[in-house]
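Trainee: Please see the structure below; I have some questions.
The values are calculated or read from the model by the stated rules, or taken from the named source; none is laboratory data. None of these values were measured; they are calculated from a predicted model. A quick note on method: Cβ atoms are made from the backbone with ideal geometry, for glycine too, and the neighbour counts reach across all protein chains shown. These accessible areas exclude ligands, DNA and RNA; they are computed on the full protein's heavy atoms, side chains included. Shrake-Rupley method; radii C 1.70, N 1.55, O 1.52, S 1.80 Å.
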Amino acid sequence: MPNLPLNVLVVGASRGSGAAAVQALLAAGHRVTALSRQGRVPLPPMPGLTVVAGDALRAADLDRVLPGHDAGVVTLGISEPAWRVRLRGPRHTPSDVRSRGTQCVVDAMQRHGVRRLVVQTSYGVGETRAHLPGLYRLMFALLLKPQIEDTERQEQVVRASGLDWVLVQPVNLTDRLVRAPAFASAAGEVRGMQVARGQVGRFLAQAVAVPDWVGRTVALSAPG
């Protein structure tokens, strides 16, 4: 990775931990291109921030913005209520947006020689599947099964990418304002089943810039 500041593309920047990652990256002195379908983020104009309308599922949109960047952050997901998605499917987002969108980002990064990839998935898939408490396993099976299956495919895409990847697995996300850093564990340990989106955003920004987590799956939870 080059010296600071980095040029970072954030895919899925319009809300939640994606928007929090944009804010954290800017606060750390990086330059950020925020890609969202609506072409907006819930942040005021800031030095170093470029907001671009584009779809992660369109190769042409990614090829237009990715050249010149040092890293990519992916926080794709479905923001609609989980019960509705389970019963009727998502209305506004493809059901496979995580795996297919991440594959498109990986393909574009490979085309343009961008190596560092940080992807937010979910605690309880892949390496942490066996650590998930029983109640959450039931919820995954009954309420979130299609989304969890797509997240499993997303992680497989990342692991097969050949890039310098980091998989970030937060537990249940909240909008609480927490200034302490999240507890990060590459062994699947957690200190509770909640973590603030701001904490996740700050970790995503850190994972872009340091080599410590490359090739690892990192569980994130609130620090006790």
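Trainee: Go through (1) open to solvent by less than 20 Å² (accessible area, probe 1.4 Å); (2) in a loop (DSSP other than H, G, I, E, B) one by one and return the number of the condition A21 breaks.
Mentor: (2)
Trainee: Is it the case that the range 45-57 has a residue that's in contact with a His (Cβ under 9 Å, 6 or more places away or on another chain) and in a loop (DSSP other than H, G, I, E, B)?
Mentor: yes
Trainee: Identify, from the list Q169, Q120, the residue that is open to solvent by less than 40 Å² (accessible area, probe 1.4 Å), touching a Pro at 6+ places or on another chain (Cβ under 8 Å) and within 25 Å of S14 (Cα to Cα).
Mentor: Result of the check over Q169, Q120: Q120.
Trainee: So Y123 ticks every box in (1) touching a Phe, Trp or Tyr at 6+ places or on another chain (Cβ under 7 Å); (2) under 21 Å from G188 (Cβ atoms) but one. Which box is left unticked?
Mentor: The number of the failed condition is (1).
Trainee: Restricting to the range 34-48, count the residues that are surrounded by 20 or more Cβ atoms within 10 Å (Cβ to Cβ) and at pLDDT 95 or above.
Mentor: So the answer is 2.
Trainee: Please go through (1) surrounded by fewer than 16 Cβ atoms within 10 Å (Cβ to Cβ); (2) in contact (Cβ under 8 Å) with a residue 12 or more places away in the chain; (3) outside any loop (DSSP other than H, G, I, E, B) for G101 and return the number of the only condition it doesn't satisfy.
Mentor: It is condition (1) that G101 fails.
Trainee: Just the residues that are modelled with pLDDT of 95 or more and either of a type in the set (A, V, I, L, M, F, W, C) or surrounded by fewer than 16 Cβ atoms within 10 Å (Cβ to Cβ) (or both), please, taken from the range 1-18.
Mentor: Result: L6, V8, L9, V10, V11.
Trainee: How many residues, within the range 38-48, are in contact with a Leu (Cβ under 6 Å, 6 or more places away or on another chain) and either under 14 Å from S14 (Cβ atoms) or without any contact (Cβ under 8 Å) to a residue 40 or more places away in the chain (or both)?
Mentor: If we filter the range 38-48 for residues that are in contact with a Leu (Cβ under 6 Å, 6 or more places away or on another chain), which is where we start, we get 46, 48.
Checking the rest, the ones that are also either under 14 Å from S14 (Cβ atoms) or without any contact (Cβ under 8 Å) to a residue 40 or more places away in the chain (or both) come to 46.
Total meeting the criteria: 1.
Trainee: So, G72, is that one among the small types (G, A, S) and part of a loop (DSSP other than H, G, I, E, B) or not?
Mentor: Here the answer is no, as G72 does not meet what is asked.
Trainee: Can you give me the ranges of the helices (runs of 4 or more DSSP H) entirely in the range 126-224 with at least 2 residues that are at pLDDT 95 or above, over 27 Å from P42 (Cα atoms) and among the β-branched types (V, I, T)?
Mentor: In the range 126-224, 145-159 are the helices (runs of 4 or more DSSP H) which contain 2 or more residues that are at pLDDT 95 or above, over 27 Å from P42 (Cα atoms) and among the β-branched types (V, I, T).
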